Each structure stands twice: as structure tokens, then as C-alpha cells.
1. Take the alpha carbon atoms of the range 146-235, find their radius of gyration, then divide it by 2.2 N^0.38 Å using N residues; give the quotient.
2. Any chance you could run the full-extension gain for residue 195 through residue 87? It's 0.36 nm times the residue separation minus the Cα-Cα distance, nm to one decimal.
3. FRET efficiency for residue 183 and residue 213, Cβ-Cβ distance as r, R0 = 35 Å, nearest 0.05?
4. So, with +1 on the Cβ of K and R and -1 on the Cβ of D and E, and no other charges, what is the size of the charge dipole of the range 51-100 about its Cα centre, to the nearest 20 debye?
5. Tally Lys and Arg at +1 and Asp and Glu at -1 over the other residues with C-beta under 14 Å from the C-beta of residue 133: what net charge comes out?
6. With +1 on the Cβ of every Lys and Arg and -1 on the Cβ of every Asp and Glu, and nothing else charged, how large is the dipole of the chain about its Cα centre, in debye rounded to the nearest 20?
7. Please work out how much length the chain gains when fully extended from residue 175 to residue 120, using 0.36 nm per residue of separation minus the C-alpha to C-alpha distance, in nm with one decimal.
8. Dipole of the chain (Lys/Arg Cβ +1, Asp/Glu Cβ -1, origin at the Cα centre): which of 101, 139, 24 lies farthest to the positive side?
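The values are calculated or read from the model by the stated rules, or taken from the named source; none is laboratory data. Not measured: the values here are computed from a predicted model. Here Cβ is always computed from backbone atoms with ideal geometry, including for glycine, and neighbour counts include all displayed protein chains. We work out accessible area using only protein heavy atoms, side chains counted, and drop any ligands, DNA or RNA first. Shrake-Rupley method; radii C 1.70, N 1.55, O 1.52, S 1.80 Å.
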Amino acid sequence: MRVVIVGGTSGIGLAAAARLAAGGAEVVVTGRSEERLRAALKQLGDQARGEVVDARDTAAMRALFEGLGTVDHLVVTVTGRGGAGPLSSLTGEGLTEAWRNKLVPHLLTAQAALGVLNPEGSITFVTAASAGAALPGIATLAAVNGAIEAAVPGLAVELAPIRVNAVSPGVIDTDWWSEIGDEARAAFMEGAAESLPVRRVGRPEDVAATIEYVVRNAYTTGIVLTVDGGGRLKA
């Protein structure tokens with residue numbers, strides 16, 4: 001089983017690569033950073049190989065898949081910075097960049113893979129629980145992630161028998177939060193943990209387990225699975 005994980009050199013993507021490789025899959029990971037790619041491959045071992053490629057570059061993604069040959073499963077974990085903030089400070093440039101950094105590479109990466117994707121295989125998008133959250137300052141994040149999730153049922157029908165699913169994480173402690181600084185990050189994570197029914201924030205491995213489920217379960221398609229520690233249950 002060959003699995004391509006786009007954005008698989010860190011965080012959730014790397015955890016998914018490690019879990020699938022440990023289960024015997026041949027894993028191909030991609031990312032924009034040569035340094036991160038080398039570190040990821042060192043961690044993953046002989047079951048993995050990788051390519052440096054920017055998922056926002058559609059031509060490069062098409063070339064990648066053309067060179068790979070048959071792929072059984074595609075997992076797209078690409079995310080982007082920015083997008084948070086109140087409506088009053090939203091700019092057209094910021095909104096466009098948020099869509100360009102996530103929605104566009106998710107859908108066009110799936111398109112690029114179609115020519116080599118096993119008909120009995122799958123596409124898994126990694127979105128975010130902001131898609132269904134009612135919190136101030138996340139309208140753009142909700143719109144971007146919600147758009148990907150809204151596409152899942154239709155794509156599952158359009159691309160059948162290829163399966164199409166999404167995994168929607170809540171607060172996961174990854175480097176995505178690094179730009180707010182260590183002190184603010186620690187305080188946020190502590191507060192989030194206290195507010196969740198499971199009393200902790202998520203780890204990349206929590207999401208990786210769900211990604212593996214939708215990849216391996218051949219009778220699951222057209223769904224969005226939320227992995228949020230019960231965050232959706234809060235009043």
C-alpha cells in the first residue's frame with residue numbers, strides 16, 4: 001500500500017506518516033522545507049521517502065504524481081498561517097491568502113493525483129474544527145475549512161469508487177501555534193485543556209489514528225470525522 005502525505009514532514013502529517021509506515025505502508029511525504037524533509041525521513045526510516053514540493057504549485061504537484069506512478073491513498077494535511085481575526089480587520093488580500101494557502105492546494109492536489117490514484121483507494125483531507133465552531137475571530141478559518149468539508153460528500157459521489165473523507169482536528173499541540181510565543185502558547189493550551197471534557201489538548205498522534213482509520217476502512221466515504229476532545233460539546 002502506497003500512501004502520499006502532502007504536508008507530511010511535521011505535526012499531524014508526520015504523525016500520520018509514522019503510524020501508517022509502522023503498519024506496513026510505503027509512505028511518500030512532501031513538504032516545502034528540505035531541512036524538515038530530511039529530519040522527517042530520518043525519523044520514519046526505510047518505509048518512507050520524500051520530495052520537496054510546494055502544494056500551492058499545481059504544476060509541481062502534477063509532476064510529482066506523474067513521477068510516482070500508482071498511488072493507493074492520498075492524505076492532504078496542508079495548512080497555512082493567517083486567517084484569524086475579527087471581521088472588522090479583514091482585508092481582501094488576507095482573505096485571498098487564506099484560501100490560497102489551504103482550500104486551493106487541497107482541491108488541486110486531489111485533482112493532480114487523479115490520474116495515478118488506485119480506484120480502490122482514497123483521498124483524506126485534514127481540515128479543522130473551526131469549520132463548525134461559533135467563536136469570535138475565526139470566521140475566515142471557518143469559511144476555509146468549512147468549504148473543504150462541504151466538498152467531501154459531493155466528491156465522494158463524483159470520484160467513486162475512490163473514497164473521499166475529511167478529518168477535522170480541534171486544538172492540537174503542534175508547531176502551528178509557535179508564532180504566538182512560548183508563554184502565550186502554554187497559557188492557551190492550559191486553558192483549552194481545562195475547558196475540554198477529556199481535560200487535555202490533542203496530540204498529533206490522536207489525529208493520526210483517525211487518519212489511519214479512514215485510509216484503511218474500505219467501507220467509509222463521504223464523511224467528516226471530528227477529533228476535538230469534546231470541544232464541540234461546550235456551551
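1. So the range 146-235 has a normalised radius of gyration of 1.27.
2. Contour length minus the Cα-Cα distance gives 36.3 nm.
3. Here the calculated transfer efficiency is 0.45.
4. Numbers: 4 positive and 7 negative charges, 36 e Å.
The calculated dipole for the range 51-100 is roughly 180 debye.
5. 0
6. 240
7. 16.4 nm
8. 24
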